[in-house]
1. Just to be sure I understand: with springs between alpha-carbon atoms less than 10 Å apart, which residue in Ala197, Ala76, Ala148 has the highest mean-square fluctuation in the Gaussian network model of the chain?
2. What does the charge add up to near Cys115, with Lys and Arg as +1, Asp and Glu as -1, over the other residues with Cβ less than 12 Å from its Cβ?
3. How many percent of the alpha carbon pairs in the stretch 40-185 exceed a separation of 24 Å?
4. Which Cα, out of Gln54, Gly118, Ser203, lies furthest along the positive dipole direction of the chain (beta carbon charges, K/R +1, D/E -1)?
5. Using modelled backbone amide H atoms (1.01 Å from N, in-plane), which distant-in-sequence or interchain residues come within less than 5 Å of Val111's amide H?
6. Which cross-chain or sequence-distant (5 or more) residues have an amide H under 5 Å from the amide H of Ser121, H modelled 1.01 Å from N in plane?
7. What percent do you get for the relative contact order of the stretch 1-76 when only Cα pairs under 8 Å and 6+ apart count?
8. What share of the DSSP beta bridges in the chain is antiparallel, in percent to the nearest 5?
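The values are calculated or read from the model by the stated rules, or taken from the named source; none is laboratory data. Since the model is a prediction, treat every value here as computed from it, not as a measurement. So basically every Cβ, Gly included, is an ideal-geometry build from the backbone, and we count neighbours across all protein chains shown. In case anyone asks, the SASA skips ligands and DNA or RNA and just uses the protein heavy atoms, side chains included. Shrake-Rupley method; radii C 1.70, N 1.55, O 1.52, S 1.80 Å.
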Amino acid sequence: MSEFSVQCSYCARKRCYQGDLSQAPDFCPSLNRTGPLGEARERLSEPENQRMAQDVARTWKDYGKLTRVEEIVLYAKLRGFKKLGVAFCVGLPQEAEMFTNVLLNEGFEAVSVCCMCGALSSEDVALPEEDKVVPGRRQPMCNPIGQAAVLDGEGCELNVILGLCVGDDTLFIKHSKAPVTVLAVKDRVLAHNPLGALYTSSSIYARLKTRRPKREAD
């Protein structure tokens, strides 16, 4: 194991994009993590992984031309998927309906399941009263494991996340048997555009420390 910590975020050139490692920094994983990257390359050569990667590569022909919605449609068609699942947040019902309509209009079968399926509450996860938003009252609970189970049970070949909460999306991805992609993530403050916090960190969201820590820069 190399003494250097992998930190691609701090690479000034990222010439690996061009296959050039001649100016790679000491922390470049292409130089000092050859073991796991070699294993990854071998796994990429497995037939199913290779086919999936080829279809991703094919979408690059329309790079910068298609929206995320259209890219999902294109990828699903390239993969030959017929039935898609949509796991959405109860706070995004209109968006879920519109996206489901897009899928149906593109010729897919579509199944959509809301995060509140199963009607769970914080009691189902034994949340202490003091941790509730309002102690003593019923607090609804998302059910991402249930969403994954429903979509898998319906035979969905690709599941699409739409606005699940941080952590709920993690549970969904962990438990979905079908492959998962993301249409949108939740950010209630920034109209579901979480990168907005980084883009405005020099002004509105100055509380976010986006400058490199001195200990890293030394």
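1. Highest fluctuation among the options: Ala197.
2. On the way: positive: Lys186; negative: Asp168, Asp169.
Around Cys115, the charge tally is -1.
3. Values: 4055 of 10585 pairs.
When every Cα pair of the stretch 40-185 is considered, 38 percent fall beyond 24 Å.
4. It is Ser203.
5. Correct list: Leu84, Gly85, Val86.
6. Counting only residues 5 or more places away or on other chains, the set is Met141.
7. On the way: 38 pairs, mean separation 16.3, N = 76.
This gives 21 percent for the stretch 1-76.
8. Details: 1 of 16 bridges.
Of those bridges, close to 5 percent are antiparallel.
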